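The values are calculated or read from the model by the stated rules, or taken from the named source; none is laboratory data. Computed from a predicted model, the values in this text were never measured in an experiment. Here the Cβ positions follow ideal geometry from the backbone for every residue, glycine too, while neighbour counts run over all protein chains shown. All accessible areas refer to the heavy atoms of the entire protein, side chains included, with ligands and DNA or RNA removed. Shrake-Rupley method; radii C 1.70, N 1.55, O 1.52, S 1.80 Å.
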Amino acid sequence: MYSVQYGNRTIEYSILEKEGLKSYYISVEKGVGVVLKGKPISTEQADKLILKKAKWILDKLDLVSSISDGEIVTGSRIQYLGRKYYVEVLIDNSTSKINIDFTESKFKISLPDGLNTQENLLKSFENYFRIKAQEKIEPILKKKSKATGLQYNNVKFMKLEKRWGSCTPSNTIIINNNAIKLPFSLIEYLVVHELVHTKIKSHSKEFWAELSKHVSNWKDLDAKMYGMKL
């Protein structure tokens, strides 16, 4: 951890070296802090870059520190496809509903003032994730079913409290809407895991042996799944 002094405030930051980046980028996130990203750089040069953006950084730090965990407001972050994206909430009284637009770099939410409550925003995102889960995960399921030869009868997307997915005795695969928050590598693992359950219902030695035929690094992926928050 590095630090610089700006007026009467100290800015602590970390450096994330990324050789492929042509420029340097600064991010400010709740729980992570200030991160300078770019190719290897000296501490003196890094300090100068941080000081150059000091006012912007301090404004962002004040903003993220005021955000409660799980709150959907401008400046908060929402998990989607393995990454956390910036949220921007815009009041637009010309619309009568909550509109969620993902621009590849952030979630832009426009809504009338009368609907601007956390309850309404949470419900809207639950519905958004359900639609996106079906849109993006169902094609993966079809592709993996064809590749593995493991057949299912139906697929459903719904909110599950304690698991990412399941397979019923009649081979209906159920996928948690929140699975859309996972990286694609874990989504694919989840799908194949449930497909194997169409053949073997329990987590027996036979199950893991069958799974290993289709996912060679299943142990690593299973450990990562276990560590992901539902």
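Of the residues making up segment 132-149, none is among the aliphatic types (A, V, I, L, M), open to solvent by 80 Å² or more (accessible area, probe 1.4 Å) and either within 28 Å of I91 (Cβ to Cβ) or in contact with a strand residue (DSSP E or B) (Cβ under 8 Å, 6 or more places away or on another chain) (or both). If you go through segment 140-148 one residue at a time, do you hit one that is modelled with pLDDT under 95 and not aliphatic (A, V, I, L, M)? No, segment 140-148 contains no residue that is modelled with pLDDT under 95 and not aliphatic (A, V, I, L, M). Here D113 fulfils each of the conditions (1) surrounded by 12 or more Cβ atoms within 10 Å (Cβ to Cβ); (2) of a type in the set (D, E); (3) more than 30 Å from S212 (Cα to Cα) apart from (1). Within segment 59-77, the residues that satisfy the criterion of being touching a residue at least 40 places away in the same chain (Cβ under 8 Å) and either touching a helix residue (DSSP H, G or I) at 6+ places or on another chain (Cβ under 7 Å) or closer than 18 Å to Y24 by Cα (or both) are E71, I72. Scanning segment 31-47 for residues that are charged (D, E, K, R) and surrounded by 12 or more Cβ atoms within 10 Å (Cβ to Cβ) yields K37, K39, D47. Any residue at all in segment 10-29 that's assigned to a strand (DSSP E or B), polar (S, T, N, Q), open to solvent by less than 50 Å² (accessible area, probe 1.4 Å) and within 17 Å of Y86 (Cα to Cα)? Scanning segment 10-29 turns up at least one residue that is assigned to a strand (DSSP E or B), polar (S, T, N, Q), open to solvent by less than 50 Å² (accessible area, probe 1.4 Å) and within 17 Å of Y86 (Cα to Cα).
Condition first: surrounded by 15 or more Cβ atoms within 10 Å (Cβ to Cβ), in a loop (DSSP other than H, G, I, E, B) and out of contact with any Gly (no Cβ under 9 Å at 6 or more places or on another chain). Can you find one or more residues in segment 51-60 that meet it?
We begin by selecting, within segment 51-60, every residue surrounded by 15 or more Cβ atoms within 10 Å (Cβ to Cβ); these are 53-54, 57-58, 60.
Now narrow it down to the ones that are in a loop (DSSP other than H, G, I, E, B): 53.
Filter once more, so that each one left must be out of contact with any Gly (no Cβ under 9 Å at 6 or more places or on another chain): 53.
Looking for residues that are surrounded by 15 or more Cβ atoms within 10 Å (Cβ to Cβ), in a loop (DSSP other than H, G, I, E, B) and out of contact with any Gly (no Cβ under 9 Å at 6 or more places or on another chain), one finds at least one in segment 51-60, hence yes.
Taking the criterion of being under 30 Å from Y6 (Cα atoms) and either over 21 Å from the mean Cα position of the chain (by Cα) or of a type in the set (S, T, N, Q) (or both), the residues of segment 64-107 that qualify are S65, S66, S68, T74, S76, S105. Contact annotation: residue pairs with Cβ atoms under 6 Å, 6 or more positions apart or on different chains, pairing a residue in segment 22-37 that is aromatic (F, W, Y) with a partner that is assigned to a strand (DSSP E or B), are Y24/G38; Y25/K37. Take the residues of segment 150-192 that are open to solvent by 20 Å² or more (accessible area, probe 1.4 Å) and aromatic (F, W, Y): which is farthest from E210 (Cα to Cα)? Taking the candidates together, the pick is F157.
Annotation: K84 fulfils all but one of (1) part of a strand (DSSP E or B); (2) within 20 Å of K229 (Cβ to Cβ); (3) open to solvent by less than 70 Å² (accessible area, probe 1.4 Å); (4) in contact (Cβ under 8 Å) with a residue 24 or more places away in the chain; the unmet one is (3). Residues that are over 27 Å from the mean Cα position of the chain (by Cα) and open to solvent by less than 20 Å² (accessible area, probe 1.4 Å) within segment 199-230 comprise F207, E210, listed in sequence order.
If we scan segment 95-108, do we find a residue that is on the phi > 0 side of the Ramachandran plot and acidic (D, E)?
Taking segment 95-108 as the starting set, the residues that turn out to be on the phi > 0 side of the Ramachandran plot are 104.
Next, only the ones that are acidic (D, E) stay: 104.
Scanning segment 95-108 turns up at least one residue that is on the phi > 0 side of the Ramachandran plot and acidic (D, E).
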